[in-house]
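Here's a structure for you.
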Amino acid sequence: MDIFDQIEFITTEDSSTGLYSKHIQDIFHSKSGAFKESYEKFFLPARNLIPECMKSINILDICYGIGYNSKTFLNNTKDYFIHIDALENNKEFIYLSPLVKDNIVNDVLKKQIILQIIKDNDDINEYGKILNKIKMLKLIHFFEPNIINFLQNEVIGSYKNIPVDKLNQFLHNIYYNYISDNNNYAFNRNSHKDFEINYYLGDARKTILQVKNQYDIVFLDAFSSQKDPTLWTVDFLYLIKSKMKKNSMLISYSKSTPFRSALIELGFYVGKTYIDSIDMGTVASLNKKFILNPLNEFDLQLFQTRAGITYKDPSLSFDSSTILLNRKIESESSSRISHTQFLKFNSY
């Protein structure tokens with residue numbers, strides 16, 4: 001199915017572009033601001049992790065989508081080499097990621113992402129199809145004019161008369177002319193360019209087995225667990241843990257009790273992300289010193305109720321409905337007290 005049939009583009013409250021999934025019937029980004037969410041819930045907690053002596057950073061971005069979390073991190077972090085492994089189920093999102101209006105002003109970064117996507121996929125025609133679809137559906141106001149013009153005129157337009165076997169040289173020349181510090185006339189020189197993004201397409205439960213790195217930072221930005229619990233199970237989180245360094249951090253917008261309970265069960269130290277004194281997300285690490293706002297006793301006791309029963313997917317192949325049904329059956333047969341009973345006797 002065409003990705004444009006699966007999603008709706010929306011303008012969020014901070015004027016950045018967000019997405020709504022018609023299939024999942026859930027938003028990809030907060031209506032209060034897609035950029036605001038990535039900056040406050042993902043970048044700011046990650047910034048606390050980075051010591052000045054660090055020279056390179058490995059990031060695992062799970063559910064890359066249109067790239068807000070990675071782009072925001074790159075745009076606000078200088079003087080490091082940053083390697084990103086991005087797990088995403090839809091190729092079209094990857095292609096769209098540097099094009100959308102996102103309030104991330106670094107055009108050079110977006111141009112480099114475009115060139116890397118084309119080079120890695122050896123396909124420039126895909127962008128031509130996407131531009132035609134954007135124009136046909138009259139969606140152009142959701143996209144950055146500077147980046148659209150660069151793609152249309154400097155990349156696609158110039159490539160029409162270039163032989164296929166000259167693609168790499170062609171992309172190298174564009175990089176030199178528009179991005180490289182070696183060219184004194186390049187646009188926006190001295191912007192952050194020391195990064196690479198590798199994309200892994202498919203179900204993250206499978207593609208996470210393909211990545212070979214150990215990570216300093218993991219972004220987990222899947223759909224809400226009530227809609228799609230496949231990437232919130234204790235079994236998938238175990239795989240994430242196996243890819244993390246000792247001094248690393250898992251960051252998510254989710255504050256669901258089954259998710260946090262699974263992290264505790266797996267031996268993580270778990271804390272909260274606060275925005276204006278409101279619990280807005282979760283951080284987890286294998287090193288206690290990275291948890292600035294740990295869970296309180298109320299939270300820990302809550303995990304012992306039925307609300308704390310984790311999502312399970314031992315074969316890493318169950319669909320959402322199976323995972324939800326199995327948890328419901330386990331909850332109904334459990335001797336644990338209910339969430340409601342717990343709140344009744346612990347209302348403080």
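Since every read-out is calculated from the coordinates, none of them should be taken as a lab result. Given the structure is predicted, the values throughout are model-derived calculations rather than measurements. Cβ atoms come from the backbone with ideal geometry, glycine included; neighbour counts cover every protein chain shown.
Of GLU154, GLU297, GLU40, which has the largest mean-square fluctuation in a 10 Å C-alpha GNM of the chain?
Comparing GLU154, GLU297, GLU40 in the GNM, the peak value goes to GLU297.
Taking the Cα centre of the chain as origin, sum charge times position over the Cβ atoms of Lys and Arg (+1) and Asp and Glu (-1), and report the length of that vector in debye to the nearest 20.
In debye, rounded to 20, the chain gives about 440.
What FRET efficiency comes out for LYS227 versus GLN304 if R0 is 25 angstrom and r is the Cβ-Cβ distance? Round to the nearest 0.05.
The formula returns an efficiency of 0.45 here.
Using a Gaussian network model on the chain with a 10 Å cutoff between Cα atoms, which of ASP102, ASP221, ASP194 fluctuates the most?
ASP194
Could you rank the peptides 139-148, 227-236 by their average count of other C-beta atoms within 10 Å per residue, with the highest value first?
227-236, 139-148
To two decimal places, what compactness ratio does the chain give when its Cα radius of gyration is scaled by 2.2 N^0.38 Å?
That works out to 1.05 for the chain.
Among ILE124, ILE94, ILE329, determine the one that fluctuates most according to a GNM of the chain built with springs between C-alpha atoms less than 10 Å apart.
Per the Cα network of the chain with a 10 Å cutoff, ILE329 tops the list.
How many angstrom lie between the Cα centre of region 268-288 and the Cα centre of region 1-78?
18
When only Cα pairs under 8 Å and 6 or more residues apart are kept, what is the percent relative contact order across region 222-345? Don't jump to the answer; show the numbers that get you there.
Details: 179 pairs, mean separation 33.9, N = 124.
About 27 percent, as a whole number.
OK, next. Could you work out the relative contact order of the chain? I mean the mean sequence separation of Cα pairs under 8 Å and 6+ apart, divided by the number of residues, in percent.
16
Run the reach check for LYS138 against lysines, Cα to Cα strictly under 27 Å, same-chain hits fewer than 8 apart removed. What comes back?
Counting by Cα, and skipping residues close in sequence, LYS138 has these lysines nearby: LYS22, LYS31, LYS36, LYS71, LYS91, LYS101, LYS110, LYS111, LYS129, LYS160.
In nm², what is the average projected area of the convex hull enclosing the Cα atoms of region 47-117?
4.8
Dividing the convex hull volume of the Cα atoms of region 222-345 by its residue count, what figure in Å³ per residue is obtained? Can you show the working numbers first?
Numbers: hull volume 13.9 nm³, N = 124.
Cα-based convex hull of region 222-345, divided per residue, equals 112 Å³.
Something else now. Based on other C-beta atoms within 10 Å, arrange MET280, MET244 from fewest to most.
In order of increasing Cβ crowding within 10 Å: MET280, MET244.
From the helices alone, meaning DSSP H stretches of at least four residues, give me the mean residue ellipticity at 222 nm for the chain, per-run term -39500 (n - 2.57), in deg cm²/dmol to the nearest 500.
Estimated from H runs of four or more residues: -9000 deg cm²/dmol.
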